[in-house]
Structures are given as C-alpha cells and as structure tokens.
Amino acid sequence: MRRFSVCSTVVALAGLLTASSVQAQTPAAEGAAPPATSTATASFTGASSSRGRGIGVGAITMLNGTSGLLVTWGTGSFHVDGFAGLHHYRPQPAPYTSTTDFGFGGRFWYHIHAASFADFSAGGGIGFNRWVSNPGGPGEDSHFDVSFEVGAQIRAFIVPNVALIGDLGLGATFGSNDNLLIGGQSIGGGGEPEAANGGSNFMLGSLGIAYFFE
C-alpha cells in the first residue's frame, strides 16, 4: 500500500507540472488586448554627409564671375558660404588706366544627396561688386552690380578634408551690366565687364576649392 501511495503521488505531481506547462503555452483568449507594439514615424531631413563639417577656407566663383576667398561652415545637412575678393589690374600700360574691383557675398546650400566622398546641394545666394576704372584720372568710371544665384552645388572630396566645388544653375546680375546666365561658372573673374557679359566662355567652368579643419 505504501509503495502504491508513493507512485500515486509522483503521478499526480507530474500531471500538475504538465498542465502548468500547457497553460503557459496556450495563446491569449479571444477578445484579449494584443500586446503593445511601438510605431515608427518618418520625418524628412537633409542628407547627412560625413565630410565638409565645421569650418573650411578656400576660393570660390559665383556663376556670374564674382570670386573671392571662401569661408564655409557646415553640418551634416547644410552648409553656408561667405566670400570676399579684391582685384586691382591694369588692362593697358600705365599711366593710361587701371581698375579696382571689390566683391563679396554669401550663399546657403541644403544637402539633397550625400555619398562617402561627395554631396549634391540645392540653394543660392547673393553677391555684390564694386569696381572703379582709372580713379582720379580722365575717363574715370565706377559701377555697382548685384548678383543673384539659384541652383545646385557639387562638392567632391579628393581627400577627407579637401573638396573641389562646382556650381550650376541660374544667375542674374543687375546694375551696370545686367545679364542672365544659365549654366556653370564663368572663367572670367571679379565682375569685370567681359566676364559679366558672358560670351563664348559661359559654359566653361572654374572650380572652387575648400580645406576643412576637421
């Protein structure tokens, strides 16, 4: 009898353990609330580039030919450019004439697409040019031009902290040399009349360059 009682006890315990295991694996009853799940929300942000962040210096040319020393600052989704330049030259032998040209401006670029060693941005900016020919002499002439630019910029990083910069888009200049340009950067410089008027050089390009202190 004692042996039968012990066996009965063991069988009863095994049955209880089996029932508990089955109950733990049984799906939730119908009508029970499903387990909470997290939902993700999508938001649009600019393309993030691992290059060209922080402060950089170099040289740049706007579409109309306004050029100067470049100071640029950027994050992963955008960058801004500021530039200024001074150009004094004598198209003819002294003392007949000389021209002094001063230009400055700024631009904003939003990164649309970024890769490991390049990025493509959309934006634009404004530039100002003041140039004086033969100051204080016969035939003195002075002009002031305002240039607007809307388009795209490509930066190609030849090494991690040095970028070649090329612009394309629409440029308009108002002042002494009103003009409209669609294309790339002009090979002329600094708001000179021959550069502002475009001509055969209008589809050629002059790349900018920047060094970043990463």
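The rows are residues; the columns are (1) surrounded by fewer than 21 Cβ atoms within 10 Å (Cβ to Cβ); (2) modelled with pLDDT of 90 or more; (3) out of contact with any Gly (no Cβ under 7 Å at 6 or more places or on another chain); (4) in a loop (DSSP other than H, G, I, E, B).
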| position | (1), (2), (3), (4) |
| --- | --- |
| Ile165 | no, yes, no, no |
| Leu170 | yes, yes, no, no |
| Ile187 | yes, no, yes, yes |
| Gly190 | no, no, no, yes |
| Ser200 | yes, no, yes, no |
| Met203 | yes, no, no, yes |
| Ser206 | yes, no, yes, yes |
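In the range 99-108 there is at least one residue that is among the aromatic types (Phe, Trp, Tyr), at pLDDT 95 or above and under 15 Å from the mean Cα position of the chain (by Cα).
Determine if the range 67-84 includes at least one residue that is in contact with a Ser or Thr (Cβ under 8 Å, 6 or more places away or on another chain), aliphatic (A, V, I, L, M), modelled with pLDDT under 90 and surrounded by fewer than 17 Cβ atoms within 10 Å (Cβ to Cβ). Checked the range 67-84: no residue is in contact with a Ser or Thr (Cβ under 8 Å, 6 or more places away or on another chain), aliphatic (A, V, I, L, M), modelled with pLDDT under 90 and surrounded by fewer than 17 Cβ atoms within 10 Å (Cβ to Cβ). Against the definition (surrounded by fewer than 15 Cβ atoms within 10 Å (Cβ to Cβ), on the phi < 0 side of the Ramachandran plot and aromatic (Phe, Trp, Tyr)), how does Phe144 come out, yes or no? It is true that Phe144 is surrounded by fewer than 15 Cβ atoms within 10 Å (Cβ to Cβ), on the phi < 0 side of the Ramachandran plot and aromatic (Phe, Trp, Tyr). Restricting attention to the range 119-132 and to residues that are farther than 18 Å from Leu70 by Cβ and surrounded by fewer than 18 Cβ atoms within 10 Å (Cβ to Cβ), the residue that is modelled with the lowest pLDDT turns out to be Val132. Applying the condition of being hydrophobic (A, V, I, L, M, F, W, C) and part of a loop (DSSP other than H, G, I, E, B) to the range 35-66 and asking which residue is modelled with the lowest pLDDT yields Ala42.
The values are calculated or read from the model by the stated rules, or taken from the named source; none is laboratory data. All figures in this text were calculated on a predicted structure; none of them were measured in a lab. With ideal geometry, Cβ positions are generated from the backbone for all residues, glycine too; neighbour counts draw on all protein chains shown.
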